[in-house]
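Working notes, structure below.
The values are calculated or read from the model by the stated rules, or taken from the named source; none is laboratory data. Since we're looking at a predicted model, the values are computed, not measured. Note that we place each Cβ from the backbone using ideal geometry, even for glycine, and neighbour counts take in every protein chain shown. Areas reflect the complete protein model, heavy atoms only, side chains present, ligands, DNA and RNA absent. Shrake-Rupley method; radii C 1.70, N 1.55, O 1.52, S 1.80 Å.
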Amino acid sequence: MSVTVLKRIALGAMAVNYIGVFIPGAPVWLQWLGRLSAPLFFYCMAWSIDRTGNKKAYFLRLYLAGVAMGLLNLIMSFVAQGAGLGAAVSSNIFATLFASAFFIEVIEYGRKHPKHRMRLFLSYGLFQVAVAGLWAALYELVGVPYAVLNFFSALLGNALTCEGALLYVLMGVLFYYTKEDKKKLAVGYAALSLVFFVNSAFGVWGRLFMLLGKDVLVMLMEIMTGLVLWGASFRPVFDVYHMFHSDFQWLMIAALPLLLCCNEGRRRRRNRPSAFQKYFYYVFYPAHLYLLWFLGTVVLK
């Protein structure tokens, strides 16, 4: 199975997921199927970094797509509020893909320039935490709109305030360094999925941070990790309904067989994608998102 086939499966899973999110009365299992989408896209990104003919152009496409999506979300949020439609689209996987790809590039630069590695990693880490802290403070204490903050998050390429946050970013890093070693990929991906499962089933991290009694801290950690932490101490342990209806990201483990079936590393002939193939995903993602949002919010409401 090639990366191209995985992209098509991810595309279908993504469309199914947002049908489940936006269309009233849609069954929740559509969103379960949608858990396949993000891992497959991040895995494809991990291959694309090395296979692209122009790495700078690839990074620039991801970055500009993330900023454009953030700006579109911001504009549409004002339109939705003005029309009394409530919240607009907030998803922006482009920004997360860029943040993950950029983090990989930081790691690779550090490996090639060991004398500058510590300063580079320290600067990168401090910048990421500072932006996340400012994001949380502006949202919680000042009340800056979510869409505004997410636009600036995409503009700054932040890895802690993007969709899915740190764990999604690390998923891309994991795939980049294990994509040609199926055993390491399986172990690493299973461990990452286990983090989501433990959080969903037992609320360990949420209970820990809520013990400190600081709402801002809980929210900041939720933003930075991408885990559902709020309200963990009020839920029973192993709440099956919660695990399958509210916090079901752990179902992404179902993508593992598809990842293991990918034989991209052994493929000799690789046709260069056409302009249509290259830009189709960049257009389809926002187009189908806003079409489904319009159908669910305006037409079928």
Where residues in region 246-268 are exposed (fewer than 14 other Cβ atoms within 10 Å of the Cβ) and more than 19 Å from the chain's Cα centre (by Cα), which of them is modelled with the highest pLDDT?
Pro257
Mind telling me which of the residues Tyr139, Tyr177, Tyr63 ends up being out of contact with any strand residue (DSSP E or B) (no Cβ under 8 Å at 6 or more places or on another chain), open to solvent by 40 Å² or more (accessible area, probe 1.4 Å) and modelled with pLDDT under 95?
Tyr139
For Phe238, which of the numbered conditions (1) touching a helix residue (DSSP H, G or I) at 6+ places or on another chain (Cβ under 8 Å); (2) assigned to a helix (DSSP H, G or I); (3) farther than 29 Å from Leu72 by Cβ fails to hold?
(2)
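Of the residues that make up region 269-282, is at least one at pLDDT below 95 and open to solvent by less than 40 Å² (accessible area, probe 1.4 Å)?
Here is the first cut: in region 269-282, the ones at pLDDT below 95 are 269-282.
Next, only the ones that are open to solvent by less than 40 Å² (accessible area, probe 1.4 Å) stay: none.
Checked against the condition, which is being at pLDDT below 95 and open to solvent by less than 40 Å² (accessible area, probe 1.4 Å), region 269-282 yields no hits at all.
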Condition check: within 17 Å of the chain's Cα centre (by Cα) and either free of Cβ contacts under 8 Å to residues at least 40 places away in the same chain or closer than 15 Å to Val283 by Cα (or both). Does Val79 satisfy that?
no
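Please specify each residue of region 110-124 satisfying the condition of being more than 16 Å from Val173 (Cα to Cα) and either exposed (fewer than 12 other Cβ atoms within 10 Å of the Cβ) or not basic (Lys, Arg) (or both). Let's see the steps before the verdict.
As a first pass, look at region 110-124 and keep what is more than 16 Å from Val173 (Cα to Cα): 112-120, 122-123.
Once the filter is applied, which keeps residues that are more than 16 Å from Val173 (Cα to Cα) and either exposed (fewer than 12 other Cβ atoms within 10 Å of the Cβ) or not basic (Lys, Arg) (or both), region 110-124 yields Lys112, His113, Pro114, Lys115, His116, Met118, Arg119, Leu120, Leu122, Ser123.
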Assuming Asn54 fulfils every condition listed in (1) closer than 25 Å to Leu155 by Cβ; (2) at pLDDT 95 or above apart from one, which condition is it?
(2)
Restrict the check to region 140-151 and report whether at least one residue is closer than 23 Å to Leu295 by Cβ and part of a loop (DSSP other than H, G, I, E, B).
no
Considering only residues that are closer than 10 Å to Gly12 by Cβ and open to solvent by 30 Å² or more (accessible area, probe 1.4 Å), which ones fall in region 31-45?
Leu33, Leu36
Taking the residues in region 124-151 that are free of Cβ contacts under 8 Å to residues at least 40 places away in the same chain and under 17 Å from the mean Cα position of the chain (by Cα) as candidates, determine which candidate is nearest to Ser91 (Cα to Cα).
Leu149
Which listed residue, of Phe127, Phe209, Phe197, is open to solvent by 40 Å² or more (accessible area, probe 1.4 Å), of a type in the set (Phe, Trp, Tyr), over 26 Å from Met252 (Cβ atoms) and in a helix (DSSP H, G or I):
Phe127
Among the residues that make up region 157-168, is at least one of them open to solvent by 10 Å² or more (accessible area, probe 1.4 Å) and free of Cβ contacts under 8 Å to residues at least 60 places away in the same chain?
no
Does region 98-109 contain any residue that is surrounded by fewer than 21 Cβ atoms within 10 Å (Cβ to Cβ), small (Gly, Ala, Ser) and touching a helix residue (DSSP H, G or I) at 6+ places or on another chain (Cβ under 8 Å)?
no
Members of region 180-194 that are open to solvent by 60 Å² or more (accessible area, probe 1.4 Å) and out of contact with any helix residue (DSSP H, G or I) (no Cβ under 6 Å at 6 or more places or on another chain)
Lys183, Val187, Leu194
Considering only helices (runs of 4 or more DSSP H) wholly within region 1-90, the ones with at least 2 residues that are of a type in the set (Ser, Thr, Tyr) are 3-22, 37-51, 55-82
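Can we say Lys214 is closer than 30 Å to Asn263 by Cα and either modelled with pLDDT under 95 or loosely packed, with under 15 Cβ neighbours inside 10 Å (or both)? Walk me through it before giving the result.
Details: closer than 30 Å to Asn263 by Cα: no; either modelled with pLDDT under 95 or loosely packed, with under 15 Cβ neighbours inside 10 Å (or both): yes.
When the stated conditions are applied, Lys214 does not pass them.
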Where Ala10 falls short, out of the listed (1) open to solvent by less than 30 Å² (accessible area, probe 1.4 Å); (2) free of Cβ contacts under 8 Å to residues at least 12 places away in the same chain
(2)
